[in-house]
Amino acid sequence: MSQHLLLILLSLLFIVFPNPISASPIIQKFKEAPQFYNSADCPIIDPGDDDDDVSAKPIFCSRRAVHVAMTLDAAYIRGSVAAVLSVLQHSSCPENIVFHFVASASADASSLRSTVSASFPYLEFKVYVFNVSSVSRLISSSIRSALDCPLNYARSYLADLLPPCVRRVVYLDSDLILVDDIAKLAATDLGRDTVLAAPEYCNANFTSYFTSAFWSNPTLSLTFADRKACYFNTGVMVIDLSRWREGEYTARIEDWMAMQKRMRIYELGSLPPFLLVFAGLIKPVNHGWNQHGLGGDNFRGLCRDLHPGPVSLLHWSGKGKPWDRLDAGRPCPLDALWSPYDLLQTPFALDS
């Protein structure tokens, strides 16, 4: 091939693909959700509720509001939008819900904010920027690269990211939907000193979450000596942020992550540090509030069934995500329960 012809072909390639290496990802478009209204007996949030920050809307500091925290990024935005819709649709007081979204400093926070606003014009929410450098140095590789994303660790920093006036928050992952009123979960009684509430799974093999190096070291294994430690999934938690701040629990989690850097004591990303700090010390919540594992295991993402019992929340934790399986034409049976909350705007509308 002559040099002249090669230059022509290269020029044509750059016209069609101006920057194939650093091209921006396709921005997903979402439909606007319907507006949801409070029922007649919902508590009224007035300026008197805002006793900490007069510069903000009263609802952002109100104890009467339900505060929900979620992470927000381009890879999971479709799941986040579906989760928000499910929360609002099943709430008796949707106008009393505040969303606190945490985005990585490297993300296009403005675009993410616009996406949420476009689908939920009346939603009360804020986007907080998480400087991942604070945690990146502490992250150790795990069994699946997706678990090593610094944003997965944002839940450990909510007490620092959210305003001090936010005293209690419901943390939700982006790969779930609610089919019950989130106010019931938010109202979980934490007692006089409990920091965290979540469904507990004491039948799970707790020892498998840590390495033999951990269990063979008496100093480390004695961590659980005085508590009945059970597995819990960190994708659904009720957190008392005031108690978290007082007890400096972020530093406690970071200490275990630093230990992991020196000596491999677990394999599973952001979960084990939470177990090390909180397992056996949490307020158990009914299992129906986290029907987790619907994404299969962390390797194959196989289809799974619901756990026995009531269902208030379905959680596609694990490798398989419902939107990916639906797009690939290989959905699991339970993915059909996620599909009605999918607000993705398809590129081509077909006339009936």
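Looking at segment 179-202, is at least one residue without any contact (Cβ under 8 Å) to a residue 60 or more places away in the chain, more than 16 Å from His292 (Cα to Cα), open to solvent by 30 Å² or more (accessible area, probe 1.4 Å) and more than 23 Å from the chain's Cα centre (by Cα)?
Yes - at least one qualifying residue is present in segment 179-202.
Pairs, please: C-beta under 6 Å, at least 6 apart or cross-chain, first residue more than 15 Å from Leu88 (Cα to Cα) and in segment 14-43, second assigned to a loop (DSSP other than H, G, I, E, B) and modelled with pLDDT under 85?
Close Cβ pairs satisfying both conditions: none exist.
How many residues does segment 317-333 hold that are crowded, with 18+ Cβ neighbours inside 10 Å and more than 15 Å from the chain's Cα centre (by Cα)?
6
Over 26 Å from Ser339 (Cβ atoms) and either modelled with pLDDT of 95 or more or open to solvent by 20 Å² or more (accessible area, probe 1.4 Å) (or both): does that describe Pro47?
yes
Say we look at segment 12-40 and pick out the residues that are modelled with pLDDT of 95 or more and of a type in the set (D, E, K, R); which of these is most open to solvent (accessible area, probe 1.4 Å)?
Per the criteria, the residue is Glu32.
So how many residues does segment 185-214 have that are touching a helix residue (DSSP H, G or I) at 6+ places or on another chain (Cβ under 6 Å) and assigned to a loop (DSSP other than H, G, I, E, B)?
Qualifying residue count for the region: 1.
What's the number of the condition Gly309 fails, among (1) within 27 Å of Leu88 (Cα to Cα); (2) under 23 Å from the mean Cα position of the chain (by Cα)?
Tallying (1) within 27 Å of Leu88 (Cα to Cα); (2) under 23 Å from the mean Cα position of the chain (by Cα), Gly309 fails exactly one: (2).
Within segment 248-273, work out how many residues are at pLDDT 95 or above and either outside any helix (DSSP H, G or I) or touching a strand residue (DSSP E or B) at 6+ places or on another chain (Cβ under 9 Å) (or both).
Residues in segment 248-273 being at pLDDT 95 or above and either outside any helix (DSSP H, G or I) or touching a strand residue (DSSP E or B) at 6+ places or on another chain (Cβ under 9 Å) (or both): 2 in total.
So, Ala279, is that one closer than 22 Å to Pro199 by Cα, open to solvent by less than 60 Å² (accessible area, probe 1.4 Å) and more than 19 Å from the chain's Cα centre (by Cα) or not?
Against the criterion (closer than 22 Å to Pro199 by Cα, open to solvent by less than 60 Å² (accessible area, probe 1.4 Å) and more than 19 Å from the chain's Cα centre (by Cα)), Ala279 qualifies.
Which residue out of Leu337, Leu314 is open to solvent by less than 60 Å² (accessible area, probe 1.4 Å), modelled with pLDDT of 95 or more and not in a loop (DSSP other than H, G, I, E, B)?
Exactly one of Leu337, Leu314 is open to solvent by less than 60 Å² (accessible area, probe 1.4 Å), modelled with pLDDT of 95 or more and not in a loop (DSSP other than H, G, I, E, B), namely Leu314.
Could you list all residues from segment 128-169 that are at pLDDT 80 or above and of a type in the set (Lys, Arg)?
Passing the criteria: Arg155, Arg167, Arg168.
Just to check your reading of the model, which residue among Thr219, Thr211 is among the β-branched types (Val, Ile, Thr) and loosely packed, with under 13 Cβ neighbours inside 10 Å?
Just one listed residue meets the conditions, Thr219.
Here is a check on your reading of the model: is Ala229 farther than 27 Å from Cys42 by Cβ, part of a helix (DSSP H, G or I) and touching a Leu at 6+ places or on another chain (Cβ under 9 Å)?
Considered against the rule, which asks whether it is farther than 27 Å from Cys42 by Cβ, part of a helix (DSSP H, G or I) and touching a Leu at 6+ places or on another chain (Cβ under 9 Å), Ala229 comes out as no.
Find the residue count for segment 274-287, including only residues that are part of a helix (DSSP H, G or I) and in contact (Cβ under 8 Å) with a residue 40 or more places away in the chain.
5
Just wondering, is there one or more residues in segment 287-300 that are open to solvent by 60 Å² or more (accessible area, probe 1.4 Å) and under 26 Å from Leu185 (Cα atoms)?
The answer is yes; a qualifying residue exists.
Could you tell me whether Asp305 is assigned to a loop (DSSP other than H, G, I, E, B) and under 25 Å from Lys184 (Cβ atoms)?
So Asp305 passes the test.
The values are calculated or read from the model by the stated rules, or taken from the named source; none is laboratory data. Bear in mind the structure is a predicted one, so any value in this text is a computation, not a measurement. Reconstructed Cβ throughout: ideal geometry from the backbone, glycine too, with neighbour counts over all protein chains shown. For accessibility, only protein heavy atoms count, side chains too; no ligands or nucleic acids. Shrake-Rupley method; radii C 1.70, N 1.55, O 1.52, S 1.80 Å.
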